[in-house]
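The values are calculated or read from the model by the stated rules, or taken from the named source; none is laboratory data. Small disclaimer: the values here were computed from a predicted structure and weren't measured. For neighbour counting, all protein chains shown are included, and Cβ atoms are generated from backbone atoms with ideal geometry for every residue, glycine included.
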Amino acid sequence: MIKLIRSGCYYMNGTLVKENQAYLTSEQKEKARKGTMAYSILRAHNHGDEQNLKLHFDAIASHDITYVGIIQTAKASGLQEFPLSYTLTNCHNSLCAVGGTINEDDHVFGLSAAKKYGANFVPPHLAVIHQYMREMEAKVGRMILGSDSHTRYGALGTLAVGEGGPELVKQILNKTYDIARPETVAVYLRGNLKKGVGPQDVAIALCGAVFKNGFVKNKILEFVGPGIKNLSMDYRNGIDVMTTETACLSSIWETDEKTREYYKIHGREKDFKELHPTDPAYYDCGITINLSSIEPMIALPFHPSNAYTIRELLDHPQEILSEVEAAGRKLRGDDKFCLTDKIRDGGIYVDQGIIAGCAGGMYENIAEAYEILKGKSTGVDEFSLSIYPSSQPVYKALVENGYIGGLMDAGAIVKTAFCGPCFGAGDVPANNGLSIRHTTRNFESREGSKPAAGQLAAVALMDARSIAATAANGGKLTPATEAEYTKKVKKYFFDSEIYKNRVYHGAGKAHRDAELKYGPNIADWPEMIPLGKNVLIKAVSVINDPVTTTDELIPSGETSSYRSNPLKLAEFALSRKDPGYVGRAKEVKADEQIRRETGKLPESVIKKLGDVHIRDNTIYGSCVVAVKPGDGSAREQAASCQRVLGGIANIAKEYATKRYRSNLINWGMLPFTADKLHFKVGDFIYIEDIDKHIAEGTENIPAKHISGHNVKDITLSVGKLTQDEKNIILKGCLINFNAGK
């Protein structure tokens, strides 16, 4: 089904050839290395050398969980107007579920900022962020940066990257996105998908093959090969958006006549051009996918890479679900979580189906779901099916072609464009419920559960087709390959009038005299102090899980309304993983305030340091210790909340994503790594001359680990830092760095 090529390889004569079988000279190899599609796009946007890239993007995008903080940060750094196309969408904080008026207050602020600084503004329920960017902003050869981890438009020939908000701030302030040249992975597609197999099935199989082994981490996936022509654009986009879950940096695809047709349908044929690698093109490693062998897949809780064929799960339900059940019981800390009770009457019965968002809510997914459900019923029992078209143009086409009415007849509930099912602000299933979803992610608590409060549901990812087949079978898990239906769907027509009559198109049209409109919940960032000469760090949370997600560092759903208020939001930090963290961090912050006012640390802190003498000009802050933090969302609040609470560092074996490490740096936090994490809550780490080490680019920094009465010399690494990154850490955060300039 999927094979990995762990060594270098060439794409030549329409196929992948291992490097040791190609017999090319070193000169030919170097030329071929520059023949990838990614290389050509990166080179056109690079203002650095070929190994250390400094990239300017063509456009940026944010949604209403992130844009207020980005604009506030840029404003504090001297923003006058947006120098590039900026699109603000409103697809996350759309329900106004908590906090009174504050969600809509954010939207009012966003529109006022779009007018003042010059941006596009997409009102709530009109489109999810990535569907709108596909429809209106992607162009072949373009680069787009988004403050959402699923910023992926590679199937449209656009190299797109999801990052934390501070990286967008840098683009707004005409600075660059700095990164070492990423490796490129050829993803060679051949064959044709069977009827009943959809894009999510391919994506889940790919995640299962490459996530846990880190095969494509921080690399660019380049999709090539004869199998591309057998995929529609909706299928390509559906696979592409899920590449985020492989931990890759970005993705890019060969373009063809189907790509041209997509641009033509959307009134933008001029934005199309042919995009292919040279023959030969060199790749650092490769992946081959035989589309003909892909089966209906399911990603079981609690990660998109927990991949099985549905056939395999149905053959071994007790064994496989027992493993997931054990993981859920560990999360809840009790033995009450149950999944094996879903096994009955010779099958597995689920409680809920969702088809939504940038992955599931596309036209063909929903149209084929209708064909499978046509003339059937989702039933009147516990099982429910909700469908969220990804944009109003998609919704309208589905209505006009009769699909929406048919789905309603079958019992499906059809809703507006909204990202809630992806992050826990919509369709939260019942405790112990099992939900199958064509959405992007199924981390624990992602759908809204609160394990610490004894509430936990399970989400499994599946393709819309198999979700529809399951719905037609009364909630009994069923692969779509067993469904009798016609795969042929009616042609899609895009109605541009919908956006023309409702979207505020203000990019490049700043009205500097316009007033920003602030709701009472929108707050400025508190003061962030510079690094100081020496640093004393107290470990206030130690997480021993193999991976810690950004959802665990700062919860998603229930906190979304407070994204514009740093102090209120920080109260939720690590609430699902370590409820005592906030209190312990606040104690350290209070002691640091005493040090700033009196010039010395409280005696209660000094006593715990034993014989270790603390120099003057030593700042005191907290840190989180975790094995591999930062998997998942790009949201910078996972780092900024720690900073607001007085955090000054993370210590990890490694960081799950580049974007989380970047978020730490941009908020002035030291991104330490260590080979061994022998730290306990309450331990101290003392480092002298930290300012000198950072300024001089010392990668391995000597420190003292103080644990009870024991003092041990250790080494902490910060890795390579760019000059700007050094200065940001020294100044205390990106805001201070920009304000100082």
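Filter segment 6-46 down to the residues that are under 19 Å from residue 288 (Cα atoms) and among the β-branched types (Val, Ile, Thr), then identify the one that is surrounded by the most Cβ atoms within 10 Å (Cβ to Cβ).
Selected residue: 36.
State whether one or more residues within segment 75-88 are in the same structural domain as residue 157 (by TED's automatic domain parsing), surrounded by 22 or more Cβ atoms within 10 Å (Cβ to Cβ) and without any contact (Cβ under 8 Å) to a residue 40 or more places away in the chain.
Checking segment 75-88: at least one residue is in the same structural domain as residue 157 (by TED's automatic domain parsing), surrounded by 22 or more Cβ atoms within 10 Å (Cβ to Cβ) and without any contact (Cβ under 8 Å) to a residue 40 or more places away in the chain.
I'd like the full set of residues that are touching a Leu at 6+ places or on another chain (Cβ under 7 Å) and not in a helix (DSSP H, G or I), limited to segment 366-381.
378
Name every residue in segment 704-725 that is within 21 Å of residue 643 (Cα to Cα) and surrounded by 18 or more Cβ atoms within 10 Å (Cβ to Cβ), in order of residue number.
If the condition is that a residue be within 21 Å of residue 643 (Cα to Cα) and surrounded by 18 or more Cβ atoms within 10 Å (Cβ to Cβ), then 716, 718, 721, 725 are the ones that fit.
So, restricting to strands (runs of 3 or more DSSP E) that lie completely within segment 1-101, which ones have at least 2 residues that are under 25 Å from the mean Cα position of the chain (by Cα) and under 30 Å from residue 171 (Cβ atoms)?
Filter on segment 1-101 gives 52-55, 59-62, 85-89.
So, in segment 475-488, exactly how many residues are buried (at least 17 other Cβ atoms within 10 Å of the Cβ) and out of contact with any strand residue (DSSP E or B) (no Cβ under 6 Å at 6 or more places or on another chain)?
6
Would you call residue 521 out of contact with any strand residue (DSSP E or B) (no Cβ under 9 Å at 6 or more places or on another chain), crowded, with 20+ Cβ neighbours inside 10 Å and modelled with pLDDT under 90?
It is true that residue 521 is out of contact with any strand residue (DSSP E or B) (no Cβ under 9 Å at 6 or more places or on another chain), crowded, with 20+ Cβ neighbours inside 10 Å and modelled with pLDDT under 90.
Looking only at segment 138-157, count every residue that is crowded, with 24+ Cβ neighbours inside 10 Å, in a loop (DSSP other than H, G, I, E, B) and over 17 Å from the mean Cα position of the chain (by Cα) and tell me the total.
Residues flagged as crowded, with 24+ Cβ neighbours inside 10 Å, in a loop (DSSP other than H, G, I, E, B) and over 17 Å from the mean Cα position of the chain (by Cα) within segment 138-157 amount to 2.
Determine whether residue 406 is under 28 Å from residue 313 (Cα atoms), at pLDDT 85 or above and either surrounded by fewer than 24 Cβ atoms within 10 Å (Cβ to Cβ) or touching a strand residue (DSSP E or B) at 6+ places or on another chain (Cβ under 9 Å) (or both).
No.
Those residues that are among the β-branched types (Val, Ile, Thr) and closer than 22 Å to residue 394 by Cα, I need them from segment 141-168; list them, please.
151, 158, listed by residue number.
Which of the residues that make up segment 596-638 are in contact with a Gly (Cβ under 9 Å, 6 or more places away or on another chain), assigned to a loop (DSSP other than H, G, I, E, B) and of a type outside the set (A, V, I, L, M)?
Within segment 596-638, 608, 610, 616, 617, 633, 635, 636 meet the criteria.
Show me the helices (runs of 4 or more DSSP H) found entirely inside segment 382-443 where at least 1 residues are under 25 Å from the mean Cα position of the chain (by Cα) and polar (S, T, N, Q).
392-400
When you check residue 103 against the structure, is it touching a Pro at 6+ places or on another chain (Cβ under 6 Å), outside the structural domain of residue 194 (by TED's automatic domain parsing) and buried (at least 22 other Cβ atoms within 10 Å of the Cβ), yes or no?
Taking the combined requirement at face value, the residue does not satisfy it.
Within segment 656-677, take every residue that is of a type in the set (S, T, N, Q) and under 18 Å from the mean Cα position of the chain (by Cα) and give me the one that is surrounded by the most Cβ atoms within 10 Å (Cβ to Cβ).
Only one residue fits best here, namely 663.
In segment 425-472, which residues are buried (at least 24 other Cβ atoms within 10 Å of the Cβ), of a type in the set (Gly, Ala, Ser) and modelled with pLDDT under 80?
425, 445, 449
Just wondering, is there one or more residues in segment 548-555 that are part of a loop (DSSP other than H, G, I, E, B) and either in contact (Cβ under 8 Å) with a residue 24 or more places away in the chain or not assigned by TED's automatic domain parsing to the domain that holds residue 623 (or both)?
Yes: one or more hits.
Which of the residues belonging to segment 632-654 are over 18 Å from residue 523 (Cβ atoms) and either modelled with pLDDT under 90 or polar (S, T, N, Q) (or both)?
Across segment 632-654, the qualifying residues are 632, 633, 634, 638, 650.
For segment 158-191, enumerate the residues that are in contact with a strand residue (DSSP E or B) (Cβ under 7 Å, 6 or more places away or on another chain) and at positive phi.
191
Pull out all pairs, ordered by first then second residue, where Cβ-Cβ is under 8 Å, the residues are six or more apart or on different chains, the first lies in segment 19-31 and is under 12 Å from residue 281 (Cβ atoms) and outside the structural domain of residue 279 (by TED's automatic domain parsing), and the second is modelled with pLDDT under 85 and part of a helix (DSSP H, G or I).
From segment 19-31, no pairs qualify.
In the set 573, 514, which member is touching a residue at least 12 places away in the same chain (Cβ under 8 Å) and crowded, with 17+ Cβ neighbours inside 10 Å?
Going through 573, 514 in turn, just one is touching a residue at least 12 places away in the same chain (Cβ under 8 Å) and crowded, with 17+ Cβ neighbours inside 10 Å: 573.
Could you please find all residues in segment 197-244 being under 20 Å from the mean Cα position of the chain (by Cα) and among the small types (Gly, Ala, Ser)?
203, 205, 208, 209, 214, 238, listed by residue number.
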